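K.L.:
Quick one: the structure is below, questions incoming.
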Amino acid sequence: MVLVHSTRSRLLTLLMGMCWAATSCVVLGQAVAVPDVAKIEGFEVQKLFDVPNDQGSWVSLTVDTKGRLIASDQYGGLYRVTVAAKDGQTIIEPIDVKTGRAHGLLYAFGALYVMSHEGDNQPSGLYRVSDTDGDDKFDKVELLRKIEGSGEHGPHAIVLSPDKKSLYVCAGNHTKLPEIVGSRVPQNWQEDQVVPRMWDANGHAAGILAPGGWICKVDRDGKEFELISMGYRNEYDIAFDPNGELFTYDADMEWDIGLPWYRPTRICQAIPGSEFGWRSGTGKWPAYWSDSLPPVVDIGPASPTGISFGSGTKFPAKYQNALFAADWSYGAIHAIHMEPNGAGLVGSSEVFATAPGLAVTDMTVNPIDGALYFLIGGRRSQSAMFRVTYGGKDSTAATTFPIPSDLAQQRRLLEMLLQAPAEEADSVVERALPFLSHTDRFIRYTARVAIERMPFEKWSAKVQAITDTQGTLEGAMAIARCGADESATAACKRLLELNWDALSEFQKLHWLRDVGLLWARHSESVKPQIEAIASRLINDFPNTSKVQNVEISRLLCGLNAKGTVPKVMELLRTAESQEEQIHYAFCLRVATNDWTEDLRKEYFQWFVDAGKFRGGNSFAKFLANTRAEAVERLPDDVRASLGELLTAAPASMVPNIELEERALVKNWKMDDWQALSDASLEDRDLENGRKMFAVGQCYKCHRLEGAGGSVGPDLTNAGRRFNPNDLLETLIVPSKEVSDQYQATIFQLDNGQTISGRIANLAGNNYMVQTDMYDPGRFTNIDAKTIEEMKPSAVSMMPTGLLDSMTQEDVLDLLSYLRSVSESSAPNQ
């Protein structure tokens, strides 16, 4: 069957729906613009057609050498689409082969590669579909490699290598790494937890260990897999920039929202040998741990799907050079703009196109017409194909992609060492060793993993002979990850010799991670040295660095070091955000020394009071499990004395951080701040500003220096991006300009009810709508059939009046504090 159609209006869409059951259907007309899609000025988004119901819900997309698009139903077959010329017709042809269910498609080497999921008596794996007789019809299916994994965390994308000689594939964390012939990543990965990990409270990914999600290079026949990068939760797609740098968009664990181990969705530069630190449950690594690499940019809560660079589009230069990244949950396509950050890249995210229910599944650039094509659908929801073109005034001439920085080129030279065999160890170590002391994090990382791939005896003595501080820290990490116990003992002694006060903030975090790794992997042999380290740490703990306190408390509680409990309880008592408080409570559950009766009562009362906190689907169960584990470690007599406190129900959930009642000071207006300037923020009380950030309940929705909620923008760099007046205006008049990324949708239902919120998930005809930013894990379900109208809300989901209990001095302190955080936020060193 060949189905021919195009769209012209909502009426034609309805008429089309009436003739899907026919053998073929022709509807004259052209693609239509979609006015409800908010987009960058000058761009046009056209809806080409709705996918017929009997062709399923399309989730992957590629283009062949003739410019025809090939798509796959998530649960069914493959389809080839010839897109209409300006006045022509669009043709959909079902591809008559026994494969499909693809999360990844690629047309290369004269064939169609399909990353198929289990079904129709076929296993999940990498398939090749060919036309053997030259009649322009696919007729042969080959299973190139079976891959253990299926579903939405199974095997995903396939892309062509930069040299166009091989393939790259990726898979989510429920996919077993296939047998590999080589690895750019040192094959010494472990869980590396200092405090015992808890599995997800609802059982998701329980028991799954590293490497988690992975990226492999594959030959065109699917015989040889080489591991390139690892440590992802669920990266659906991968893309190369014109310089051959590889990128992906990794998923968050949305059930963790509100918890300290929550990691937002993020764009990652997947350099060879990279590790991004996903571990199941509470075990996820912070981005500042030096045995992993940081993201290019955090996006926030989302459901990452397809990505594509703008290379080959007829777009303005800025967008030809951008990485487009799709968010299925919140209905958006982000344009990621990147610039050099040492040997890596740092990015900013711009909402390129968004609309309610625009559940983008995949996208591709068609080099024939220079347009960006994308699909919506997934989970059996209504699917459609769209085309994005540019008709504005800016030039669309092909641009030159920026060349890599000198530091990036140095990193790429080091990356060549990651392919060297063990027989070349002496040469590899000689070339890489000096770069352990480099000032750039990406270069140090690449040098270290190049060395770790070589036999330990070839480099152990040379690493231990390093005398400079940074090289010592990097060398201690390599020894912790690869070395024998006696070498680990020597590394501990060397760390003790370093002058703590002379270390930078990032070096102190590196030092603490080294100690944690040495303990996690060599606990028995390094116990005396680690105890000495704990004794030194406890003296100046806690200190003024929030992130140091987080890491020192993790280490000291994991060691069950004497003197730890009273000091961590002090931090639990004074922490401003719920994430910080939960971190300290989580660490304290394993500490058994130095408890007094009053401290135990205070600790377990905290679990009752914590009922006011909000979070994702696993939030409440994680708190309950943390308390349960702490109770298990109590002596019987203590358990009896605490009685009902150990089982008391959590307090009623209310969206307020527990702070003293504050009277109304003034209903602040922008007219009250006409004299505000940069000079107004000099010599302010930053500690009071930090307190005001909590008073204003900012932590409920916004992240700052890694702490806080994630349903609103990260404010860590807000003080650098905005001048004082603009920053204050976003606080006093949040609805003056509402970002498309965080804009609510108003749903008018057929029963007269009106609901306002953000679509966070969908399945079939069911929309799951987030209506309360204070309670991100609670959704209102809306049946799509009952919706009469959807339109963007002009009112911000951020409440007004958050500054009205603050004095003028308080507000100035808050603005100065936000600026100071932006200025001092640590780069990815």
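The values are calculated or read from the model by the stated rules, or taken from the named source; none is laboratory data. Quick caveat, the model's predicted, so the values are computed rather than measured. When we count neighbours, we look across all protein chains shown, and the Cβ atoms used for this are built from the backbone with ideal geometry, even at glycine. We work out accessible area using only protein heavy atoms, side chains counted, and drop any ligands, DNA or RNA first. Shrake-Rupley method; radii C 1.70, N 1.55, O 1.52, S 1.80 Å.
K.L.:
Name the residue that is most open to solvent (accessible area, probe 1.4 Å), counting only residues in the stretch 329-367 that are modelled with pLDDT of 95 or more and not in a strand (DSSP E or B).
P.N.:
Pro367
K.L.:
Examine the stretch 772-780 for a residue that is modelled with pLDDT under 80 and among the basic types (Lys, Arg), and state whether such a residue exists.
P.N.:
yes
K.L.:
I've got another one for you. Within the stretch 460-519, considering only helices (runs of 4 or more DSSP H) that don't extend past its boundaries, which have at least 1 residues that are of a type in the set (Gly, Ala, Ser) and touching a Phe, Trp or Tyr at 6+ places or on another chain (Cβ under 9 Å)?
P.N.:
The qualifying helices (runs of 4 or more DSSP H) are 469-482, 485-497.
K.L.:
Of the residues in the stretch 587-618, how many are open to solvent by less than 60 Å² (accessible area, probe 1.4 Å) and either more than 16 Å from Ala649 (Cβ to Cβ) or among the small types (Gly, Ala, Ser) (or both)?
P.N.:
Residues flagged as open to solvent by less than 60 Å² (accessible area, probe 1.4 Å) and either more than 16 Å from Ala649 (Cβ to Cβ) or among the small types (Gly, Ala, Ser) (or both) within the stretch 587-618 amount to 16.
K.L.:
Count, please, the residues in the stretch 164-220 that happen to be aromatic (Phe, Trp, Tyr) and more than 29 Å from Thr626 (Cα to Cα).
P.N.:
Total satisfying the criteria: 2.
K.L.:
Pick from the stretch 513-528 the residues that are open to solvent by 10 Å² or more (accessible area, probe 1.4 Å) and touching a residue at least 12 places away in the same chain (Cβ under 8 Å): which of them is farthest from Arg448 (Cα to Cα)?
P.N.:
Glu524
K.L.:
Being more than 20 Å from the chain's Cα centre (by Cα) and either open to solvent by 20 Å² or more (accessible area, probe 1.4 Å) or aliphatic (A, V, I, L, M) (or both) is true for just one of Pro178, Pro162. Which residue is that?
P.N.:
Going through Pro178, Pro162 in turn, the sole match is Pro162.
K.L.:
So, one more: Could you say whether any residue in the stretch 540-563 is assigned to a helix (DSSP H, G or I) and more than 33 Å from the chain's Cα centre (by Cα)?
P.N.:
no
K.L.:
Pairs under 7 Å by beta carbon, first residue within 17 Å of Pro260 (Cβ to Cβ) and touching a residue at least 60 places away in the same chain (Cβ under 8 Å) in the stretch 564-577, partner outside any loop (DSSP other than H, G, I, E, B) and among the charged types (D, E, K, R), six or more apart or different chains?
P.N.:
Once the first residue is within 17 Å of Pro260 (Cβ to Cβ) and touching a residue at least 60 places away in the same chain (Cβ under 8 Å) and sits in the stretch 564-577, its partners that are outside any loop (DSSP other than H, G, I, E, B) and among the charged types (D, E, K, R) give Glu576/Arg690.
K.L.:
Also, I was wondering about something else. Quick check on the stretch 204-217. Is at least one of its residues open to solvent by 10 Å² or more (accessible area, probe 1.4 Å) and in a strand (DSSP E or B)?
P.N.:
Checking the stretch 204-217: at least one residue is open to solvent by 10 Å² or more (accessible area, probe 1.4 Å) and in a strand (DSSP E or B).
K.L.:
Take the residues in the stretch 436-447 that are more than 23 Å from Thr489 (Cβ to Cβ) and of a type outside the set (Ser, Thr, Tyr); name whichever of them is farthest from the chain's Cα centre (by Cα).
P.N.:
Result: His438.
K.L.:
Something else: Only one of Glu570, Glu629 is open to solvent by less than 70 Å² (accessible area, probe 1.4 Å), closer than 29 Å to Pro542 by Cα and charged (D, E, K, R); which?
P.N.:
Exactly one of Glu570, Glu629 is open to solvent by less than 70 Å² (accessible area, probe 1.4 Å), closer than 29 Å to Pro542 by Cα and charged (D, E, K, R), namely Glu629.
K.L.:
For the stretch 748-771, enumerate the residues that are of a type in the set (A, V, I, L, M, F, W, C), modelled with pLDDT of 80 or more and under 25 Å from Lys39 (Cα atoms).
P.N.:
Residues satisfying the conditions are Ile755, Val769.
Here is a yes/no grid of residues against (1) open to solvent by less than 10 Å² (accessible area, probe 1.4 Å); (2) more than 33 Å from the chain's Cα centre (by Cα):
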site: Gly377; (1), (2): yes, no
site: Lys393; (1), (2): no, yes
site: Glu423; (1), (2): no, yes
site: Pro434; (1), (2): no, no
site: Val449; (1), (2): yes, no
site: Glu457; (1), (2): no, yes
site: Ala461; (1), (2): no, yes
site: Ile466; (1), (2): no, yes
site: Gln470; (1), (2): no, no
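K.L.:
Let me ask something else about it. Tally up the residues in the stretch 536-562 that are more than 13 Å from Cys492 (Cβ to Cβ) and either open to solvent by 30 Å² or more (accessible area, probe 1.4 Å) or aromatic (Phe, Trp, Tyr) (or both), please.
P.N.:
10
K.L.:
Still on this structure: Have a look at Asp783, Asp804 and point out the one that is open to solvent by 50 Å² or more (accessible area, probe 1.4 Å) and at pLDDT 70 or above.
P.N.:
Asp783
K.L.:
Just for the stretch 139-159: of the residues that are in a loop (DSSP other than H, G, I, E, B), open to solvent by less than 30 Å² (accessible area, probe 1.4 Å) and of a type outside the set (Val, Ile, Thr), which one is nearest to Ile307 (Cα to Cα)?
P.N.:
Gly154
K.L.:
Related question: Among the candidates Asp685, Asp726, single out the residue that is over 19 Å from Asp772 (Cα atoms) and modelled with pLDDT of 80 or more.
P.N.:
Just one listed residue meets the conditions, Asp685.
K.L.:
Then there is this: When you scan the stretch 293-309, do you find a residue that is touching a helix residue (DSSP H, G or I) at 6+ places or on another chain (Cβ under 8 Å) and within 16 Å of Ala210 (Cβ to Cβ), even just one?
P.N.:
Yes, the stretch 293-309 has at least one match.
K.L.:
For residues in the stretch 75-106 being touching a strand residue (DSSP E or B) at 6+ places or on another chain (Cβ under 7 Å) and of a type in the set (Lys, Arg), which is surrounded by the most Cβ atoms within 10 Å (Cβ to Cβ)?
P.N.:
Arg101
K.L.:
Something else now. Answer with yes or no whether Val360 is farther than 30 Å from Thr469 by Cβ, among the hydrophobic types (A, V, I, L, M, F, W, C) and in contact (Cβ under 8 Å) with a residue 24 or more places away in the chain.
P.N.:
Spelling it out, Val360 is indeed farther than 30 Å from Thr469 by Cβ, among the hydrophobic types (A, V, I, L, M, F, W, C) and in contact (Cβ under 8 Å) with a residue 24 or more places away in the chain.
K.L.:
Do any residues in the stretch 663-686 that are within 10 Å of Leu812 (Cβ to Cβ) and open to solvent by 70 Å² or more (accessible area, probe 1.4 Å) have Cβ atoms under 8 Å from those of residues that are of a type outside the set (S, T, N, Q) and in a helix (DSSP H, G or I), where the two are at least six apart or on different chains, and which pairs are they?
P.N.:
Listed by first residue and then by second, the contacts come to Asp685/Glu809; Asp685/Asp813.
K.L.:
Consider the stretch 399-421. How many of its residues are part of a loop (DSSP other than H, G, I, E, B) and surrounded by 13 or more Cβ atoms within 10 Å (Cβ to Cβ)?
P.N.:
Qualifying residue count, the stretch 399-421: 6.
K.L.:
So which of Ser405, Ser308 ends up being at pLDDT 95 or above, farther than 30 Å from Lys785 by Cα and under 21 Å from the mean Cα position of the chain (by Cα)?
P.N.:
Step by step, each of Ser405, Ser308 is checked, and only Ser308 is at pLDDT 95 or above, farther than 30 Å from Lys785 by Cα and under 21 Å from the mean Cα position of the chain (by Cα).
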